[in-house]
Amino acid sequence: MSGEGGEPAANLSEALAAHGLITRGGFAFEPGEDVPAGPSAAPARAVVLAGHGGASHWRHFLEWRSAQPADLADPLDTWSKTVLGAVAARVGARAVFPSDRPYLPFQQWAMRAEGLRPSPLGVLMHPVYGLWHAYRGALLFGDPAAERLQASIQPSAEPIHLCDLCVGKPCLKSCPVDAYGEGGFAYSTCRTHVRSAEGTVCREGGCLDRNACPQGVDHRYPADMQAFHMAAFARGA
Ligand code: B12
Ligand code: SF4
Ligand code: SF4
């Protein structure tokens, strides 16, 4: 595929790889579906998700961060917008982001794109990366790029949902305040603990429930990355 006036689609993966990012699947929207605008004002025709499995982007982000003002707000979002905005321009797409308001349904898109399903923690379970992956943005394509993109996307075989096979479910047993349970994620209970003196372990090393999962451990985020995300979560209202 090539974007309108852009470079061939084979270059999309290459352009993302330069920032430690990968494509996370994609699909063509159904006619009549409520979708955001593509590169023109018309509704997008297809989407390709961009993100990381494990911490592949982290050193690229840190290098960029070291040249930014210390008090830069939302640095990871800003980095994502900077690098994916440039990639989108190269391939004739419009980039959108998980933090955009109103929130776009990134996890629903991811489930369609890669056949993933949620773990008991809400984070999607990946057959290779386990709970250690995320989305930094999505590229929305219009005509005529979408037709060529559609032809190039191979529907992914639905992976085994590892949580179905997990007998002990240790991810539901490690939280000191039982924030994850039948009723979903009690995020204010979690946040209160993370902010407290007793929450040092979560603040510095990441969520104990997430870290208790035996899947994808080779891709587990390093402690500084987990602490970075936990600090952002703790700052939230
Ligand atoms: C708001 C939000 C939250 C809120 C949820 C509050 C609530 N219940 O509404 C809070 C702040 C609690 C939260 C926390 C986390 N989040 Co969050 N969050 C989002 C965000 C920005 C919007 C969700 C939304 O409303 N979407 C709109 C609806 C229409 O889209 P959707 O696809 O249907 O949304 C699904 C999610 O909302 C999900 N959901 C509902 N509650 C929760 C709670 C958690 C923890 C998760 C992961 C999902 C989830 O259910 C929906 C149905 O599939 C998304 C990005 C996005 N744009 O989707 C990230 C997102 C869902 N979060 C993500 C992550 C990883 C987390 C954390 C686990 C880690 C982190 N970033 O700090 C933390 C948990 C903190 C901890 N203790 O470890 C990832 C999930 C990636 C994946 N592999 O699946 C996303 C996709 C962001 C990204 N950049 O990839 N999150
Ligand atoms: S511990 Fe088991 S149930 Fe929990 S997220 Fe990991 S595989 Fe899924
Ligand atoms: S971050 Fe800590 S308090 Fe929050 S859900 Fe995970 S283990 Fe529980």
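Rule-based calculations on the coordinates, nothing more; no lab input. Please read all numbers here as calculations on a predicted model, not as lab measurements. Every residue, glycine as well, gets a Cβ built from its backbone with ideal geometry; the counts of neighbours run over all protein chains shown.
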Worksheet item: Okay, which of segment 87-101 sit inside 17 Å, backbone N to the point 7 Å along the Cα-Cβ direction of residue 42?
Response: 92-94
Discussion item. Taking amide H atoms as placed 1.01 Å from N in the peptide plane, list the residues 5 or more away in sequence, or in a different chain, whose amide H sits under 5 Å from that of residue 50.
Written reply: 24, 136, 137, 138, 139
Worksheet item: Mean separation of Cα pairs under 8 Å and 6+ residues apart, divided by the residue count of segment 1-137: what relative contact order is that in percent?
Response: 32
Discussion item. If you fit an axis through the alpha-carbon atoms of helix 223-235 and take the longest principal axis of the Cα set of the chain, what angle between them do you get, 0 to 90°, nearest 10?
Written reply: 90
Worksheet item: Sequence-distant or interchain residues sharing an amide H contact under 5 Å with residue 117, placed H: which?
Response: 125
Worksheet item: If you take the beta carbon distance between residue 13 and residue 192 as r and set R0 to 45 Å, what does 1/(1 + (r/R0)^6) give as a FRET efficiency, to the nearest 0.05?
Response: 0.60
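Taking other Cβ within 10 Å of each residue's Cβ, how do 116, 139, 62 sort, fewest first? Display every interim value, and only then the final one.
Details: 116 23, 139 28, 62 14.
Lowest to highest Cβ neighbour count: 62, 116, 139.
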Worksheet item: Based on the Cα coordinates of segment 28-67, what is the per residue volume of their convex hull in Å³?
Response: 106
Practice prompt. Provide the per-residue ³J(HN,Hα) series for segment 198-203, in order, calculated from phi with Karplus coefficients 6.51, -1.76, 1.60 and θ = phi - 60°, each as a whole number of Hz, with x at glycine and proline positions.
Written response: 6, x, 4, 5, 5, 4
Worksheet item: For 160, 22, what's the fewest-to-most ordering of other Cβ within 10 Å of each Cβ?
Response: 160, 22
Item to complete: Rounded to whole Hz and in sequence order, give me ³J(HN,Hα) for segment 80-85 from the Karplus expression 6.51 cos²θ - 1.76 cosθ + 1.60, θ = phi - 60°, writing x for Gly and Pro.
Response: 4, 5, 5, 6, 6, x
Worksheet, complete the sentence: If 180, 129 are placed from fewest to most neighbouring beta carbons inside 10 Å, the sequence is 129, 180
